[in-house]
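S.K.: Please read through the structure below; I'll follow up with questions.
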Amino acid sequence: MDARNSPPCSVNRTGAGLHIGIAASSLAPTAPNPDTPAASVAQERRITGTHVYSFAKCAHLAALDLHLPRSERRAPHPWEEFAAKRGRDFEDDYVAKLDAVQPEYPERDFEAGAAATRELLARGVELVHQAVLHRDDRLGLPDLLRRREGRSDLGEHHYEVLDVKTSGQTRGDQILQVVFYTQLLAELQGRMPAEGAIILKDGREERFAIADYEAACDEVVAELRRLRDEPGRSRPFLQMACSTCYHDQRCLPQLRERGDLSLVHGMSHGARAILEQSGCTSVEDLATFHPDGPRARGNLDATLVRRLRRSAQVTLLGKPLVEARPRAERLDRAALVHLLTDPYADRVLAFGLLHPASEDGEFSFALPESHSDEWRAFRELTAGLPQRTPLLHFGEALHRWHEQHAFSREADPSLEARFVDLQKRLKAAAIYPAPVALLADFVRHGLGRDPHRAGHVGAAAMWLDEPDAEERLVRKLHSDLLDLAALKREILDASAGALPEREAQA
Ligand code: SF4
């Protein structure tokens with residue numbers, strides 16, 4: 001993860017526990033953030049498992065969720081609703097197969113819900129679905145509580161927490177949520193369960209020791225209380241999470257209006273905080289920032305300051321600045337490969353090919369009918385390419401997919417050796433007028449095009465339910481491949497050829 005994408009609080013799962021790093025710049029602005037709403041709503045707000053989960057993504061997101069009613073969020077996009085519904089359906093289907101009991105109480109009366117839950121636990125029912133755990137200012141609604149043997153205040157038994165997730169592997173934010181629920185449960189039953197668990201989308205149960213994560217959870221809850229009680233303590237930072245956040249229409253205009261330093265390619269939370277303390281508080285300031293010595297630049301590395309100043313100038317210019325790399329490998333005889341996936345179902349929905357890798361190259365595609373058909377589809381699509389043709393692709397998806405499938409098949413090892421990831425090369429070949437991470441960022445800031453003109457990549461799985469699914473998938477594949485070809489020409493080839501007029505223009 002590059003500095004730009006490092007979240008304000010990083011949640012890293014290590015061998016035995018989580019490391020929580022909370023960036024000072026996102027939580028303690030030099031002046032209160034005037035755009036964070038007053039504390040009136042928040043003072044009565046309970047800390048919930050959802051806040052714990054949001055905090056790991058973005059501290060400002062957790063703060064806004066604590067301070068604003070739901071009506072202040074933007075409406076979800078159809079594909080976001082589609083993904084959320086799949087998550088709910090998965091949980092419902094999973095729980096329907098179990099003999100779980102749900103506490104009954106009037107809607108949103110959590111006191112009554114907590115009392116009904118306590119009664120079920122004292123009775124010793126095997127599984128409780130959507131229990132209500134309520135203590136002081138904390139409220140938890142875990143997916144499942146499961147009975148275990150061993151004495152507690154409830155009798156000769158106690159409970160542990162299970163959460164149902166649609167991901168393929170556990171993440172730190174999901175574990176923190178389970179630990180938050182477990183701490184509430186421990187106070188209720190007078191015993192801390194040794195473990196908690198997450199049920200993954202393939203039905204596997206991933207167990208972990210609660211003791212490994214308790215300190216991290218305490219730290220997050222303490223910070224959430226501070227965010228709730230001190231409006232203005234957090235502030236937005238442009239990061240990858242913003243692209244899927246329901247507060248984007250609030251944060252992004254604020255960032256642009258202020259000329260926030262996080263709009264600059266390569267900025268980190270730490271660098272923003274130091275630059276602001278040194279009196280450099282906007283993109284315009286940074287574009288002309290020439291500090292006298294190490295103290296004047298807050299002891300930031302001189303090369304870093306030079307690089308960020310150049311990025312700020314490019315941000316003001318509004319166009320990418322291609323950096324000459326005459327020794328960079330030219331990829332004239334390459335093909336472009338792209339894929340559209342359904343991450344929930346672990347499936348490739350479509351493979352596309354553009355050969356040669358230019359906008360007038362020949363486009364072909366394959367739509368595998370099932371997971372087991374993917375290998376055949378990919379092999380047939382690429383079979384006609386001349387041997388040793390480099391296969392240009394964007395990001396880790398193709399490599400990861402190939403690795404999974406090649407393992408169980410007689411895969412030709414030389415094929416994987418031909419993969420060339422354009423993401424890293426594009427990043428190194430230019431300075432962009434805004435931070436870039438996803439293909440959509442490169443298209444928007446590298447080419448000035450709308451990356452979603454043939455639809456949003458997140459909607460691909462949703463299209464399968466529509467009569468023109470094939471047409472949509474093919475249109476999106478083709479449009480992404482044309483964007484990749486244009487990025488190759490405009491950024492990579494220009495960088496390798498070091499066009500003089502381009503340099504002069506810059
Ligand atoms: S839009 Fe970005 S900065 Fe704002 S709350 Fe969401 S993730 Fe955080």
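S.K.: Taking the Cβ of each residue in Tyr344, Tyr432, Tyr53 as the centre, tally the other Cβ atoms inside 10 Å and list the residues starting with the fewest. Kindly include the intermediate steps, with their values, before the conclusion.
M.R.: On the way: Tyr344 16, Tyr432 23, Tyr53 19.
Ordered from fewest to most neighbouring Cβ atoms within 10 Å, Tyr344, Tyr432, Tyr53 come out as Tyr344, Tyr53, Tyr432.
S.K.: ³J(HN,Hα) across the stretch 165-181 via Karplus (A = 6.51, B = -1.76, C = 1.60, θ = phi - 60°), whole Hz, x for Gly/Pro?
M.R.: Going residue by residue, I get 10, 9, 8, x, 8, 6, 10, x, 5, 5, 5, 4, 4, 5, 5, 4, 5 Hz, with x marking Gly and Pro.
S.K.: Next question. Within straight cross-link reach of Lys97, meaning Cα distance under 26 Å, which lysines are found once same-chain residues fewer than 8 apart are removed?
M.R.: Lys85, Lys165, Lys201
S.K.: Under 5 Å between amide H atoms, partner at least 5 residues away or on a different chain: which partners does His265 have, H built in plane at 1.01 Å?
M.R.: Ala434
S.K.: Also: At what distance in angstrom do the alpha carbon centres of the stretch 61-100 and the stretch 237-252 lie from each other?
M.R.: Each part reduced to its Cα centre gives a spacing of 18 Å.
S.K.: With only Lys, Arg, Asp and Glu charged, each at its Cβ (+1 for the first two, -1 for the last two), find how big the charge dipole of the chain is about the Cα centre; round to the nearest 20 debye. Don't skip to the end; give the middle numbers.
M.R.: On the way: 66 positive and 78 negative charges, 339 e Å.
Result for the chain is approximately 1620 debye, rounded to the nearest 20.
S.K.: Hey, what did the stretch 221-310 get for relative contact order, percent, Cα under 8 Å, at least 6 apart?
M.R.: 21
S.K.: Under 1.5 on a/c is rounded, so check that first for the stretch 111-170, then, if it is not, pick prolate when a/b is larger than b/c and oblate when it is not; a ≥ b ≥ c are the square roots of the alpha carbon gyration tensor eigenvalues. Mind showing how you got there, number by number?
M.R.: Values: a/c = 2.06, a/b = 1.23, b/c = 1.67.
It comes out oblate by the Cα gyration axes.
S.K.: Using 0.36 nm per residue, how much length does the chain from Ala96 to Glu111 gain when fully extended, once their Cα-Cα distance is taken away? Intermediate results must be reported in sequence, preceding the final value.
M.R.: Details: separation 15, 0.36 × 15 = 5.40 nm, distance 2.59 nm.
2.8 nm is the gain from fully extending Ala96 to Glu111.
S.K.: Hey, another quick one. Can you give me the long-range amide H partners of Ile47? Hydrogens built in the peptide plane at 1.01 Å from N, cutoff under 5 Å, separation of 5 or more residues or another chain.
M.R.: Those qualifying (amide H under 5 Å, at least 5 residues apart or on another chain) are Arg138, Leu139.
S.K.: Normalising by the residue count of the stretch 335-505, find the relative contact order in percent from Cα pairs under 8 Å and 6+ residues apart. Provide the component values of the computation, followed by the final result.
M.R.: Numbers: 215 pairs, mean separation 43.9, N = 171.
Over the stretch 335-505, the number comes to 26 percent.
S.K.: Enumerate the amide H contacts of Ala430 below 5 Å, restricted to partners 5 or more residues apart or on another chain; note that Pro and chain-start residues carry no placed amide H.
M.R.: So Ala430 has HN proximity to Glu323.
S.K.: Would you mind calculating the gained length between Ser372 and Ala406 on full extension (0.36 nm times residue separation, minus the Cα-Cα distance), in nm to one decimal? Don't skip to the answer; put the middle values down first.
M.R.: On the way: separation 34, 0.36 × 34 = 12.24 nm, distance 1.25 nm.
Once the chain is fully extended between Ser372 and Ala406, it gains 11.0 nm.
S.K.: Could you give the size of the charge dipole of the stretch 130-284 about its Cα centre, using +1 on the Cβ of each K and R and -1 on the Cβ of each D and E, expressed in debye and rounded to the nearest 20? Provide the component values of the computation, followed by the final result.
M.R.: On the way: 21 positive and 26 negative charges, 59 e Å.
I would put it at about 280 debye.
S.K.: Another question about this same structure. Suppose R0 equals 60 Å. What FRET efficiency, 1/(1 + (r/R0)^6) with r the Cβ-Cβ distance, do Glu230 and Asp468 give to the nearest 0.05?
M.R.: Using R0 = 60 Å, I get an efficiency of 0.75.
S.K.: For the chain, take the longest principal axis of its alpha carbons; what is the angle in degrees between that and the long axis of helix 374-383, to the nearest 10 within 0 to 90?
M.R.: The angle comes out near 0 degrees.
S.K.: List, in order, the whole-Hz ³J(HN,Hα) value for each residue of the stretch 62-74 obtained from phi through the Karplus relation with A = 6.51, B = -1.76, C = 1.60 and θ = phi - 60°; use x for Gly and Pro.
M.R.: So the Karplus estimates, Gly and Pro as x, are 4, 5, 5, 5, 6, 9, 10, x, 4, 5, 7, 7, 6 Hz.
S.K.: Another question about this same structure. Run the quick spin-label model on Asp153 and Glu416: label points 7 Å from Cα toward the beta carbon, then report their separation in nm to one decimal.
M.R.: Label-label distance for Asp153 and Glu416, simple model: 5.4 nm.
S.K.: Using Cα pairs closer than 8 Å and at least 6 residues apart in sequence, work out the relative contact order for the stretch 273-336, in percent.
M.R.: Details: 36 pairs, mean separation 19.7, N = 64.
Computed value for the stretch 273-336: 31 percent relative contact order.
S.K.: Can I ask one more? Starting from the Cα of Ser358, step 7 Å along the direction of its Cβ; do the same at Asp292; then give the gap between the two resulting points in nm.
M.R.: Label at Ser358, label at Asp292, 5.6 nm between them.
S.K.: Of Gly395, Leu464, Ala428, which is farthest along the charge dipole of the stretch 358-470 in the positive direction, counting Lys and Arg as +1 and Asp and Glu as -1 at C-beta?
M.R.: In the stretch 358-470, that residue is Ala428.
S.K.: Could I ask something else about it? Rounded, prolate or oblate: which fits the stretch 63-137, taking a ≥ b ≥ c as square roots of the Cα gyration tensor eigenvalues, rounded meaning a/c under 1.5, else prolate when a/b beats b/c? Could you put the intermediate results ahead of the total?
M.R.: Numbers: a/c = 3.26, a/b = 1.35, b/c = 2.41.
Taking the square roots of the gyration eigenvalues as a ≥ b ≥ c, the stretch 63-137 is oblate.
S.K.: Tabulate in residue order the Karplus-calculated ³J(HN,Hα) for the stretch 334-348, using 6.51 cos²θ - 1.76 cosθ + 1.60 with θ = phi - 60°, rounded to whole Hz; enter x for Gly and Pro.
M.R.: Each residue's phi maps through the Karplus curve to give 8, 10, 9, 10, 9, 9, 10, 10, 10, x, 4, 8, 6, 10, 8 Hz.
S.K.: Moving on. Compute the Cα gyration tensor for the chain, then decide on rounded, prolate or oblate, letting a ≥ b ≥ c be the square roots of its eigenvalues: rounded whenever a/c is under 1.5, prolate when a/b is larger than b/c in the other cases, and oblate in all that remain.
M.R.: Working: a/c = 2.27, a/b = 1.33, b/c = 1.71.
Oblate, since a/c reaches 1.5 and b/c is not below a/b.
S.K.: Between 0 and 90 degrees, rounded to the nearest ten: what's the tilt of helix 110-123 against the longest Cα principal axis of the chain?
M.R.: 70
S.K.: Next question, about the same structure. To the nearest 20 Debye, how big is the dipole of the stretch 197-350 about its Cα centre, given +1 on the beta carbon of each Lys and Arg and -1 on that of each Asp and Glu?
M.R.: It works out to roughly 760 debye.
S.K.: Distance in nm between label sites at Ala75 and Ala222, each 7 Å beyond Cα in the beta-carbon direction?
M.R.: About 4.3 nm, to one decimal.
S.K.: Compute the helix-to-body angle for 78-96: its Cα long axis versus the longest principal axis of the chain, expressed 0 to 90° and rounded to tens.
M.R.: That helix lies at roughly 40 degrees to the long axis.
Laboratory data are not the source of any read-out in this text; all were calculated from the coordinates shown. It should be emphasised that the depicted structure is a prediction, and the values quoted were computed from it without experimental measurement. Note that each Cβ is placed from the backbone with ideal geometry, even for glycine, and that neighbours are counted across all protein chains shown.
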